[in-house]
Amino acid sequence: MVKISLKTLKNRAKKEIEKAKDLKRLNEIFNKYLGKKGELTKILRSLEKLPKTKRMKVGKTANELKNFLKTEFEKKTQVIKKKIGKATEEVEWLDITAPGKKPLIGSLHPLTLVKRKIEEIFQSMGFSVVEGPEMENEWYNFDALNIPKEHPARDRWDTFYLKNGLLLRTHTSPVQVRYMEKNNPPLRIIVPGTVFRHEATDASHEFQHYQIEGLMVDKKNSVANLKAIVGEFFRRFFEKNVEFRLKPDYFPFTEPSFDIGISCLVCNGKGCPACKGSGWMEVAGAGMVHPNVFKNSKLIPKDWQGWAFGFGLERLAMLKYKINDIRLFRSGDLRFLKQF
Ligand code: DAH
């Protein structure tokens, strides 16, 4: 009786295993026959009730059947797993020989290039790079620089006044005072940074641009020293001997004051829109630090001599790369930017 049932059980199980399409179903079948309460497990457990000789005989067949089914399950599991693998392979197929997509590679903005180059040159001459706030107060932007409230020079630096009582700084010069208040001379610094002007734009003016301020203070310091440093800077920056000139000018925070001009490299001094036809391009204001500026920085004027300058970074970039319109820098035009 048991023998017959073992045979039918074998056939039934075999068929069911064959038909199973996935691992879930296969698992169900396994449990049905070989699980804790599985049909074959039950038979194996009931063997002990049989007389010894019969028990041995049936036991052998039942155990063989158990091993047989285990092997069948194992085989079928492999078959199903292989099928699943193939299916995912087809869906997730990857052609590793296909050429890759080239990422777009950007480049540094010309103003960044120029700023870094200038910093490098001045650092090699012992200058530290210092920064100050773009939102400035009236004292540092004007009064401390010897430009009192009703002074006509304020017109020259008209700016954007903010609701919080501050203003957008019109130049990097306020950092001279901020730095001297906290650091004793001798000192050598440059101050790169953004400045703002309330003004109409044209080929050589923007309402926002970069400046680089320079300041050197020592016991003995002169215009000759300023000229030497600036000349060395031009040589290294333009990588050739460049004609430049110091022309008398007026700034409230320096005495005497100059404007530093360089022969226009866009047109080689012939005259073009970038130099307003003069052949010269004003690239900096400069001068000897005014005693009042020392005073406002808590330094005793008679103890110190200092010179300062303020370069327009865009102007320098225009000369170096022969760019004839300042508005290109912030135009976001890739045809322009890709040239650097
Ligand atoms: N701050 C001036 C400007 O924005 C430029 C300048 C002139 C800076 C003379 C200086 C200086 O340090 O000495 O127009």
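Diffusion of the chain by Stokes-Einstein, at 25 °C in a medium of 0.890 mPa s and with Rh set to the Kirkwood radius over alpha-carbon pairs, works out to 92 µm²/s. From the alpha carbon centroid of segment 163-208 to that of segment 231-292 is 19 Å.
Relative to a virtual label point 7 Å from the Cα of Lys322 in the Cα→beta-carbon direction, which members of segment 244-267 show backbone nitrogen distances below 14 Å? Within reach of a label on Lys322, which here means backbone N under 14 Å from a point 7 Å along Cα→Cβ, segment 244-267 contributes 264-267. In this label model, Lys295 and Lys276 are separated by 3.3 nm, measuring between points 7 Å along each Cα→Cβ vector. With the convex hull of the Cα atoms taken as the outline of segment 184-304, the averaged projected area works out to 8.5 nm².
Quick one: ranking Ser257, Ser46 by accessible area, 1.4 Å probe, largest first, what do you get?
So the residues, ranked largest to smallest area, are Ser46, Ser257.
Past 29 Å, Cα to Cα: identify those pairs from Lys117/Lys182; Lys37/Lys86; Lys24/Lys86; Lys149/Lys227; Lys227/Lys270, in the order given.
Flagged as over cut-off: Lys37/Lys86; Lys149/Lys227.
Between the C-alpha center of segment 303-325 and that of segment 21-54 there is a gap of 93 Å. Entry note, the chain: relative contact order of 15 percent, from Cα contacts under 8 Å with a spacing of 6+ residues. Per-residue Karplus couplings for segment 153-169, computed as 6.51 cos²θ - 1.76 cosθ + 1.60 with θ equal to phi - 60°, are listed in order as 5, 5, 4, 5, 10, 5, 9, 9, 8, 9, 5, 7, x, 8, 9, 7, 4 Hz, Gly and Pro entered as x.
Annotation for Glu120 and Ser331: the two label points, set 7 Å from Cα along the Cα-Cβ direction, are 2.7 nm apart. Given a 1.4 Å probe and the protein chains as shown, Glu136 ends up with an accessible area of around 0 Å².
May I ask you to compute the full-extension gain from Arg25 to Lys220, defined as 0.36 nm times their residue separation minus their alpha-carbon distance, rounded to one decimal in nm?
60.7 nm
Among the protein heavy atoms of segment 109-221, carbon and sulfur supply 49% of the accessible surface, probe 1.4 Å, non-protein parts ignored.
Roughly how tilted is helix 223-238, in degrees to the nearest 10 and between 0 and 90, from the longest Cα axis of the chain? Between helix and principal axis, roughly 40 degrees. Note on segment 136-208: Rg/Rh from C-alpha atoms, Kirkwood Rh, equals 1.00.
What shape does segment 1-65 have by the C-alpha gyration tensor, where a ≥ b ≥ c are the square roots of the eigenvalues, rounded means a/c under 1.5, and otherwise prolate means a/b greater than b/c and oblate the rest? Here segment 1-65 falls in the prolate category.
Residue order by solvent-accessible surface for Tyr250, Tyr210, Tyr140 is Tyr250, Tyr210, Tyr140, largest first, with ligands and nucleic acids left out and a 1.4 Å probe. Ranked by the mean number of other Cβ atoms within 10 Å of their residues, highest first, the peptides 84-92, 185-193 come out as 185-193, 84-92. Calculated accessible area for segment 90-241 comes out at 57 Å² per residue, all protein chains present (probe 1.4 Å; ligands, DNA, RNA ignored). Considering only Val242, Ile300, His109, the residue lying farthest towards the positive end of the dipole of the chain is His109, judged by Cα position with unit charges set on Cβ. Over all directions, the projected convex hull of the C-alpha atoms in segment 56-100 averages 3.8 nm² in area. Across the protein chains, with a 1.4 Å probe defining accessible surface, the residues Thr8, Thr77 rank Thr8, Thr77 from largest area downward.
The values are calculated or read from the model by the stated rules, or taken from the named source; none is laboratory data. Just so it is clear, the model here is predicted, and its values are computed rather than measured. A quick note on method: Cβ atoms are made from the backbone with ideal geometry, for glycine too, and the neighbour counts reach across all protein chains shown. Just the protein is used for accessible areas: all its heavy atoms, side chains included, with ligands, DNA and RNA removed. Shrake-Rupley method; radii C 1.70, N 1.55, O 1.52, S 1.80 Å.
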